[in-house]
1. Hey, any hits in the stretch D:269-276 for a residue that's within 12 Å of chain C (Cβ to nearest Cβ), aromatic (Phe, Trp, Tyr) and under 16 Å from the mean Cα position of the chain (by Cα)?
2. Hey, does the stretch D:286-297 have a residue that's part of a strand (DSSP E or B), touching a Gly at 6+ places or on another chain (Cβ under 7 Å) and of a type outside the set (Gly, Ala, Ser)?
3. Any residue that is in contact with a Leu (Cβ under 7 Å, 6 or more places away or on another chain) and closer than 22 Å to D:Gln191 by Cα - is there at least one of those in the stretch D:46-62?
4. Being touching a Pro at 6+ places or on another chain (Cβ under 8 Å) and of a type in the set (Ser, Thr, Tyr) is the filter here, so list the residues in the stretch C:112-168 that pass it.
5. Farther than 23 Å from D:Gly267 by Cβ and modelled with pLDDT under 95: is that true of C:Arg203 in this structure?
6. Say whether the condition of being at pLDDT 95 or above, surrounded by fewer than 24 Cβ atoms within 10 Å (Cβ to Cβ) and away from chain D (no Cβ under 13 Å) is met by at least one residue in the stretch C:260-267.
7. Report whether or not B:Glu152 is more than 18 Å from B:Ala41 (Cβ to Cβ), free of Cβ contacts under 8 Å to residues at least 24 places away in the same chain and acidic (Asp, Glu).
8. Is it true that B:Arg83 is of a type outside the set (A, V, I, L, M, F, W, C), more than 11 Å from every other protein chain (Cβ to nearest Cβ) and either surrounded by 22 or more Cβ atoms within 10 Å (Cβ to Cβ) or over 16 Å from the mean Cα position of the chain (by Cα) (or both)?
4 protein chains.
Amino acid sequence: MDYNKILEEIYCEISQIEDRGRVADYIPALGAVSPEKFGMALKLVTGEEYHMGDAFENFSIQSISKVFTLTLSLENDDSILNRRVGIEPSGNAFNSLVQLETENGIPRNPFINAGAIVITDSLLSIHKNPKNRIVDFVRQLSGNSGIIYDFEVAHSEKETGYRNMALANFIKSYGNLSNNVEDVLDTYYHQCSLSMSCMDLARAFIFLANNGKDLEGKEILSYRQTKKVNSLLMTCGTYDAVGNFAYKVGIPAKSGVGGGIVGIIPGVMTVVVWSPGLDKAGNSLLGSKALEQFTTLTGRSVF
Amino acid sequence: MDYNKILEEIYCEISQIEDRGRVADYIPALGAVSPEKFGMALKLVTGEEYHMGDAFENFSIQSISKVFTLTLSLENDDSILNRRVGIEPSGNAFNSLVQLETENGIPRNPFINAGAIVITDSLLSIHKNPKNRIVDFVRQLSGNSGIIYDFEVAHSEKETGYRNMALANFIKSYGNLSNNVEDVLDTYYHQCSLSMSCMDLARAFIFLANNGKDLEGKEILSYRQTKKVNSLLMTCGTYDAVGNFAYKVGIPAKSGVGGGIVGIIPGVMTVVVWSPGLDKAGNSLLGSKALEQFTTLTGRSVF
Amino acid sequence: MDYNKILEEIYCEISQIEDRGRVADYIPALGAVSPEKFGMALKLVTGEEYHMGDAFENFSIQSISKVFTLTLSLENDDSILNRRVGIEPSGNAFNSLVQLETENGIPRNPFINAGAIVITDSLLSIHKNPKNRIVDFVRQLSGNSGIIYDFEVAHSEKETGYRNMALANFIKSYGNLSNNVEDVLDTYYHQCSLSMSCMDLARAFIFLANNGKDLEGKEILSYRQTKKVNSLLMTCGTYDAVGNFAYKVGIPAKSGVGGGIVGIIPGVMTVVVWSPGLDKAGNSLLGSKALEQFTTLTGRSVF
Amino acid sequence: MDYNKILEEIYCEISQIEDRGRVADYIPALGAVSPEKFGMALKLVTGEEYHMGDAFENFSIQSISKVFTLTLSLENDDSILNRRVGIEPSGNAFNSLVQLETENGIPRNPFINAGAIVITDSLLSIHKNPKNRIVDFVRQLSGNSGIIYDFEVAHSEKETGYRNMALANFIKSYGNLSNNVEDVLDTYYHQCSLSMSCMDLARAFIFLANNGKDLEGKEILSYRQTKKVNSLLMTCGTYDAVGNFAYKVGIPAKSGVGGGIVGIIPGVMTVVVWSPGLDKAGNSLLGSKALEQFTTLTGRSVF
């Protein structure tokens, strides 16, 4: 398949769309990004790579980081899912507190904020310096030792993160947070602030398309764990628009409010897109369209 | 792949499991079925068929019928999804009224009862005799002209269906039901009472594994509509256990409280299983296990 | 105290208010009433009576009837409160189904629709002809043998009562309705359709201001039951505006969407007002103002 | 009326009850109080005072402090009610976050934690040293300059107050908290820790029984504000048992988890009781019974 041609076709079509969505602006650092940015990167399990547009420019990965921390947590202790975090779609907004109250502080899944906070808490219980561990892990996976936290972004999120403070304290009140709330959120805000490019992400997540192994054959997750993460991405990865996303794009994926979306085509490749403007559900507007076209042109939807 | 051997292996393992779940008994006709029943049937897009155990014995398809009525409705008018019924997982029990109240009578998806009732209502607006149309459609799809409604089951459901009466009247109060409540529910209870075998279902749903076409090439749904139905099955097809089912089985599927589960492996085959005992979420307990093993042994999970 | 002068003063002031609220129009018979109507009637426990404006004109008492049926039910069996219907304010709209689902079909109190339907159900279990019993009881209490059901209103409510059908079936699904849904609702719609005047109501409810006895000394309710009904009126009698009403008016009261409000001043009198235009909460707009002024001018708020 | 005899009768009867409820133990300082304690104090608007048992022993007033801060806030700015805090019963537990989410951070009333936190926030915006202002105000109202904060209690509440941290941050995320979360909660925990006796409270709240004036005639609240506070106590003062409390006791009242309950008989007196064991709703078990008997024996229920 001529992936260069496909990427070009998508790029061309996307360029002509006028409505580019709305760039997240709840913190200044995010709002300053140009809505004109657009990048796309592919990595195949065979090792081939393709890219288009701003594929090497860094952006704030935000919620995409939840897949990294989940992976790190599962590596250590599989049982956290079901025990401290569920695996079902929430049917509510990503930062809702309602369900937590009726379900006694057990978040529905690891990709809503509440669930991701519990996952990060588990890393604080394992690692002396969880922030170092996370960034090292991401550098290793992507093969890019230059990846760093954007401290300005992390700091801004902290400053305005009343809802997350509410979530973490609420979970703590139910006994489902082992560490200090401030420490957990500090790590959480840092993981969200990781600054990476489409190509970094395409490389870092190739293990999810490769049965859990990186391309040198090293096991990151077991086969079963990989299946679990991919299925969670399908049913819970794109905020409360998973049904819509599954229909239009049809592959496991995780989005972030920085405008990035990572898609996994199991057994075949990763496909990553970045366009900062978001739709109402918080997913990249053009990013979703680009992925929709990609799975249509390649016939690679899992459905 | 030696499907006969795989089915045998599954059958053998399933036979040794003592906990067979709990047969639905809210109506006498369902409760009378032996929990020892177990059948499995495959149909490949190449036309091959495989079966095991009670694959030719009829059972009550119950919620599996929601896929037939959705297909019939989409055939006529695509726009019903999003307009009158959503496409997102509900995060609530299949017969919950809560979400309907906050979302003004628009059910979350066509596979919870509320959504299925709206879909059935749409059929009453199109067809003079919707009950005849539905059974004819199912007969045509399965190639079995002997398929009939089980009037005793339909009658029993009506007698005890206070929750469904509540749902339908509630939807009607929001103006999202065009026809008479009693008429809609009468059709709904009849569709649920359809009595079919694993092999009937494997044949009837082969179009969902074959890009919308039956094996003679006749288009039942368009390519896009087929993708939509399959993705809806993945994100909403197994009550409020979709995350768990996606992880363990990893294919689009629809279950019914009669103990049947229909799985779709896009591009490859349908796989249908029947075992009357249910788990807490209302899915066949051994049926889920059998499908989990099937996708593991064949490597056919979409993840 | 010169009640005639007070009524005149209120009447005078009310006449000058331009915004008279919105007449309920969900059924034609209610919508046809002139918003210019205004009546007021007092009955003291000493026997004295006062009136003003359209105090002798009949209107649809609607939810005020819930106090009659509760009284009839308590007369027979005190234990229905707490066992089948709660005694706490709901914090939700009067016709909400949400709370019923989380509280397993036990309505919060007897003055929301769900609770009133359960109360009516209890009357069907006691009386052979509950509709006759209710109207007889109301005639006896008010001393007006001419009081009748408005069959047109009852019929209209039935025709459009999908929400109430949903409520009743939902309650039935939890086993908290003993009789046939249609029969219960038929009685319920009839009680709501009772056509009475301010003076009829002032006379009928004097027992609630007189420790449970009518003015001939006959006990309708015990002293304790009377206290219970009055406290329920205070905390649950005016839809989801009880806090606001308690603050402004400060006496136990029951309103109806026909525009009537019955107020009880324990130990002193009943005060009834009628003005068909409603505020957003469904209470008579000018009726509430008139009662607010009445308790201010007479210093009769319980606070 | 012989109040001494009435108090004695109540005391005698209460002494014989074996089930004294459960002392709050979520912080050690509260759990250490003996369940055998029982005190009662009356103050009439004529100046007379009566007492019984441990009426002069200090206890932690906890939520009763919400009435002091509300009074201080209303003194300054009447419009906070309706604008930043509602006046309706919540129908939910006192520390629930659910309603806040559906109602955009506007708490239902000033006596649930969320509402009290907003009220305290308003005091931080008015007073340079709100903690000093509050304790000074309470000393002035009660005429007891020895009243102090129990710093151990305040500190303990802070240590375990994850739910309140969640509430405050959640409210802040909706923009309904002007000051720093930590500062607001610090003041909030201190007000709750005020250590007072039954007699202190009976004296301090006499203005609510005296149309807003203390017994020297100084206006604390206007007549209308006093009516508002009393009606709020009636509809929202006893957690989610207001209906039950209104029925059994029938007067405006505010309870605290320290086991105190302050009752207001408008125009007549305050009646305060203390017994540390709580019922399921968080109100003093014997305290409620004592007040029930008091209003029965004196005929002073408002109903």
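The values are calculated or read from the model by the stated rules, or taken from the named source; none is laboratory data. It should be emphasised that the depicted structure is a prediction, and the values quoted were computed from it without experimental measurement. Here the Cβ is made from the backbone with ideal geometry for all residues, glycine too, and neighbour counts use every protein chain on show.
1. No, there is no match, as no residue in the stretch D:269-276 is within 12 Å of chain C (Cβ to nearest Cβ), aromatic (Phe, Trp, Tyr) and under 16 Å from the mean Cα position of the chain (by Cα).
2. No.
3. yes
4. C:Thr120, C:Ser156
5. Spelling it out, it is not the case that C:Arg203 is farther than 23 Å from D:Gly267 by Cβ and modelled with pLDDT under 95.
6. No, the stretch C:260-267 contains no residue that is at pLDDT 95 or above, surrounded by fewer than 24 Cβ atoms within 10 Å (Cβ to Cβ) and away from chain D (no Cβ under 13 Å).
7. No; evaluated as a whole, the condition is false for this residue.
8. Answer is yes for this residue.
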